Amino acid sequence: MLATYLQYWRINFLTFLEYRANFVMWFVFTIVYHATAIAALFVTMRQFPTMNTWDFRQMLFLYALWMMGHEIHNAFFFNVINVPEFVREGRFDRFLVRPLDALFQVLTVPQQLFPDGLILAAITLTVATKIAGVTVDARYLIFVPLIAIGGALIDFGISLAIAAVSFWFIRVDTLRWVVISLEQDFTRYPISIYSRGVQVVLAFVLPFAFMNYFPATYFLQKADPGLHLNPSVGLLTPLVGLAWFGIAYVIWRIGVQHYQGTGS
Amino acid sequence: MLSAVPYVEFAKKAFAREATYRMEVFTEVASLVLRVYLLRCLWTALYAQNAAPLNLPLHSMITYATIALLMSLILEVDGTRLIREKIRDGSIATDLMKPISVPLYFFSDGFGNTVLHAVLVIPSLLFALLLVHIDIPPPTTLAIFALSFAIGYFVNFFLNFVMNSIAFWTLETFAVQLIVRWVSDLLSGQIIPLTFVPGIFGRIVFALPFAAIYSTPLLIYVGIIPPSQWMNALIAQVLWLAGFGAISYVVWRAASRHVVVQGG
């Protein structure tokens, strides 16, 4: 009897440890993921101190803005990447028969909710703001959170659009990974280094530039030699995020209709 | 003794299996092309506004970065992913009972996967050549580069093997693997040439095994490692190969005695 009880305790303890260890490991990964990007940036800028008038400190601020939006998305909207798996395993139908919006249900599936990445992003942004010499006035305090949320919505739009694609093509894991990976790479640098066509795409088609570049040019008071837009356009990020999310939501609805129609 | 026939079949099966993922194949090539575009913009801008490093003019840097990307097509394939998956679903236990060499099975599976990606290098290279100019070194250099790349491939294989075999003990290793992958990408010279890393850190990174995977072959290719140094560079790689090969052997022996099947 006692032996059995001890076995149960041992298993519970090991399970707890494993979840704990698992959580720590993923937290370490988040740190490594961002730290390697920043380290690469640092080493590069040490060798080449200026990039289209941007120095390392300003690039760090640029990265931190992107990181903020990205991590807010990961904290609240991450579940949407599970949709392809739900569809594949036939579990998605459960959400459709209930009276609540399917997307809302997907997002609220019980899961680990400690926002470690978010805290990391907040710390990075604070440090970057200080180092880049950005003034923290009322405008900063009001707009930066809004911009971060706008950034999260832009990311969410991407995740949602790709999740919708899974209603047609079952396997989208690589696609999603590639898109996010490209997003991280292309937003790392001021978009003025790209050709005009690409700048237009990044500003108006896949609005990654609104996640960090335009807000950064505003707060760092830099000119944008590429598209010659008014610097204040950086403050429009929340609206751009909403608009982009709106479009993605339409695609999502079309996908759901299609899924229901084909009776998979 | 050991017949090669079953292992050739495993490799062929892996090739066919991976080739059915058309979407993934397309996204990998497309993503590579986009990255080549990015690196061209990046390095062109940096070299235009800063002093060039002594032994690495712009065309060499672009060559370095492009070849690094093409190499990653082949090296980033996780040849030993199968191990982790089979431990997860328990089929490793039955595999160990079959009259085949399980490590060799994993190697041929990974190799088949790798050959598919090697084939992808061709269209990727063609697309890349549309965007950038790649230096072609003299034939002997090219030959030594190929040799160095092959050795690096095996170092990478054994590194992955050890990482994946840890799954025998801790079961949840995906995060750890990603951490190692990210850190090794940075420290291997795939993202930035290790020659940019300053001072003591520079000496450290060159002493690590990761440099044997990307940096050594790449530096041979662009001529930073001159013919007089080839022998030393190759020997260093081979030492890492032997080292990780030995560790892999030890880990495998310990692991196959410790099969813990993760129940459903």
Among the helices (runs of 4 or more DSSP H) lying completely within region A:14-124, list those that include at least 2 residues that are free of Cβ contacts under 8 Å to residues at least 24 places away in the same chain and more than 30 Å from B:LEU187 (Cβ to Cβ). A:83-88, A:92-97, A:102-107
Determine whether region A:47-55 contains at least one residue that is touching an Asp or Glu at 6+ places or on another chain (Cβ under 9 Å), of a type in the set (A, V, I, L, M, F, W, C) and within 14 Å of another protein chain (Cβ to nearest Cβ). no
I need every pair where a residue in region B:222-249 that is farther than 21 Å from B:ALA65 by Cα has its Cβ under 6 Å from the Cβ of a residue that is among the aromatic types (Phe, Trp, Tyr) and part of a helix (DSSP H, G or I), sequence separation at least 6 or different chains. B:LEU241/B:PHE154; B:PHE244/B:PHE158; B:GLY245/B:PHE158; B:SER248/B:PHE158; B:SER248/B:PHE161
Filter region B:174-218 for residues that are farther than 23 Å from A:ALA37 by Cβ and either among the hydrophobic types (A, V, I, L, M, F, W, C) or in contact with a helix residue (DSSP H, G or I) (Cβ under 8 Å, 6 or more places away or on another chain) (or both) and give the result. B:ALA207, B:ALA212, B:THR216, B:PRO217
Return the residues of region B:27-41 that are facing chain A (nearest Cβ under 9 Å) and either over 11 Å from B:ILE62 (Cα atoms) or among the hydroxyl-bearing types (Ser, Thr, Tyr) (or both); say none if nothing qualifies. B:THR27, B:GLU28, B:ALA30, B:SER31, B:LEU34, B:ARG35, B:TYR37
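So that you can scan it fast, the table gives a plain yes or no per residue for (1) more than 23 Å from A:TYR259 (Cα to Cα); (2) among the hydroxyl-bearing types (Ser, Thr, Tyr); (3) part of a loop (DSSP other than H, G, I, E, B); (4) within 14 Å of another protein chain (Cβ to nearest Cβ):
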position: A:THR129; (1), (2), (3), (4): yes, yes, no, no
position: A:VAL134; (1), (2), (3), (4): yes, no, yes, no
position: A:ILE147; (1), (2), (3), (4): yes, no, no, no
position: A:LEU153; (1), (2), (3), (4): yes, no, no, no
position: A:GLY157; (1), (2), (3), (4): no, no, no, no
position: A:LEU160; (1), (2), (3), (4): no, no, no, no
position: A:TRP168; (1), (2), (3), (4): no, no, yes, yes
position: A:THR174; (1), (2), (3), (4): no, yes, no, yes
Within region A:188-205, of all residues that are touching a residue at least 24 places away in the same chain (Cβ under 8 Å) and more than 11 Å from chain B (Cβ to nearest Cβ), the one surrounded by the fewest Cβ atoms within 10 Å (Cβ to Cβ) is A:ARG196
Quick check on A:GLN257: is it modelled with pLDDT under 90, assigned to a loop (DSSP other than H, G, I, E, B), surrounded by fewer than 21 Cβ atoms within 10 Å (Cβ to Cβ) and out of contact with any strand residue (DSSP E or B) (no Cβ under 8 Å at 6 or more places or on another chain)? no
Inside region B:8-30, can you point out the residues that are polar (S, T, N, Q) and modelled with pLDDT under 75? B:THR20
A:PHE78 being within 10 Å of chain B (Cβ to nearest Cβ), farther than 30 Å from A:SER192 by Cα, surrounded by 14 or more Cβ atoms within 10 Å (Cβ to Cβ) and not charged (D, E, K, R): no
Pick from region B:196-228 the residues that are loosely packed, with under 13 Cβ neighbours inside 10 Å and away from every other protein chain (no Cβ under 14 Å): which of them is farthest from B:ILE144 (Cα to Cα)? B:ARG203
The number of residues in region B:42-76 that are among the hydroxyl-bearing types (Ser, Thr, Tyr), closer than 26 Å to A:GLN199 by Cα and more than 12 Å from every other protein chain (Cβ to nearest Cβ) is 3
What's the number of the condition A:LEU229 fails, among (1) of a type outside the set (S, T, N, Q); (2) under 16 Å from B:ARG35 (Cα atoms); (3) in a loop (DSSP other than H, G, I, E, B)? (2)
Just the residues that are at the interface with chain B (Cβ under 7 Å from one of its Cβ atoms) and in contact with a Phe, Trp or Tyr (Cβ under 8 Å, 6 or more places away or on another chain), please, taken from region A:176-187. A:PHE186
In region B:180-195, residues that are in contact with a Gly (Cβ under 8 Å, 6 or more places away or on another chain) and either over 29 Å from A:MET25 (Cα atoms) or surrounded by fewer than 24 Cβ atoms within 10 Å (Cβ to Cβ) (or both) total 1
Can you go through B:LEU186, B:LEU147, B:LEU159 and tell me which one is in a helix (DSSP H, G or I) and either touching a Ser or Thr at 6+ places or on another chain (Cβ under 6 Å) or free of Cβ contacts under 8 Å to residues at least 12 places away in the same chain (or both)? B:LEU186
Go through A:LEU17, A:LEU41 for me and flag whichever is loosely packed, with under 14 Cβ neighbours inside 10 Å and within 14 Å of another protein chain (Cβ to nearest Cβ). A:LEU17
Residue list for region B:42-53, restricted to those being more than 14 Å from B:TYR64 (Cα to Cα) and buried (at least 19 other Cβ atoms within 10 Å of the Cβ): B:ALA45, B:LEU46
Closer than 22 Å to B:ILE74 by Cβ, of a type in the set (A, V, I, L, M) and assigned to a loop (DSSP other than H, G, I, E, B) - does that describe any residue in region B:237-254? no
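The values are calculated or read from the model by the stated rules, or taken from the named source; none is laboratory data. Since this is a predicted model, take the numbers as computed values, not measurements. Methodologically, a virtual Cβ is constructed for each residue, glycine included, from the backbone with ideal geometry; neighbour enumeration extends over all protein chains shown.
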